[in-house]
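The values are calculated or read from the model by the stated rules, or taken from the named source; none is laboratory data. No experiment lies behind these values; they were computed from the predicted model shown. Note that each Cβ is placed from the backbone with ideal geometry, even for glycine, and that neighbours are counted across all protein chains shown. We work out accessible area using only protein heavy atoms, side chains counted, and drop any ligands, DNA or RNA first. Shrake-Rupley method; radii C 1.70, N 1.55, O 1.52, S 1.80 Å.
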Amino acid sequence: MLPATAVYHFPWELKPSAIAEGTSVRTFGRLTCYRPEDSTAILSSHHASIKYQVSVQTSCVEPFNPLCGALYIVLGEIENTEEGSGVMLRARVMNCVDGVDLALLQKAINEQRSFFQKSGDNKGSTSG
């Protein structure tokens, strides 16, 4: 059986209170840290002068050739961390998309959300 359709979420929207555990999401960020011994990576993004970080569990996408500083798009499921202070994204797909115009990507995500809201499908809406 296929998992649920994943909705794009900006990295600053990935909070434990905003998204239920197990929800499929897509997000993006620059790979700032990769720890192969733990199968974890950190994606970073800036929004309104604030740096946001997303922890990614990479065990399902390994082996892969990480490029620190490159932009990645990740598809996976949300898991709450043990501390309860954040979320971890268990990656099913992790693609390097370095060179993508980030402002244009954000605009496209917002346009997709607007389309889904107008068509009455709430897949594009978020509670962030």
With DNA, RNA and ligands ignored, accessible area of ARG90 (1.4 Å probe; Å², nearest 10): 80 Å²
Give the dimensionless ratio obtained when the Cα radius of gyration of segment 27-89 is divided by 2.2 N^0.38 Å. 1.09
Given 20 °C and 1.002 mPa s, how large is the Stokes-Einstein diffusion coefficient of the chain in µm²/s, with Rh as the Kirkwood radius over Cα pairs? 143 µm²/s
For the chain, take the longest principal axis of its alpha carbons; what is the angle in degrees between that and the long axis of helix 102-118, to the nearest 10 within 0 to 90? 40 degrees
Karplus-derived HN-Hα couplings along segment 33-45 (A = 6.51, B = -1.76, C = 1.60, θ = phi - 60°), whole Hz, x at Gly and Pro: 8, 9, 10, x, 5, 9, 6, 10, 9, 10, 9, 10, 8
To the nearest 20 Debye, how big is the dipole of the chain about its Cα centre, given +1 on the beta carbon of each Lys and Arg and -1 on that of each Asp and Glu? 420 debye
Could you put CYS68, CYS33 in order of accessible surface area, largest first, with the 1.4 Å probe and the full protein assembly present? CYS68, CYS33
Can you list the residues, at least 5 places off or on another chain, whose amide H is less than 5 Å from the amide H of THR40, using H built in the peptide plane? ARG35, THR58
Any chance you could look up the accessible area of VAL54 with a 1.4 Å probe, heavy atoms only, rounded to 10 Å²? 10 Å²
Accessible area (Å², 1.4 Å probe, nearest 10) - ASP101: 90 Å²
List the GluC sites (Glu not before Pro) within segment 30-106 that fall in a DSSP loop (any state other than H, G, I, E or B) and whose Cβ has at most 12 other Cβ atoms within 10 Å. GLU37, GLU82, GLU83
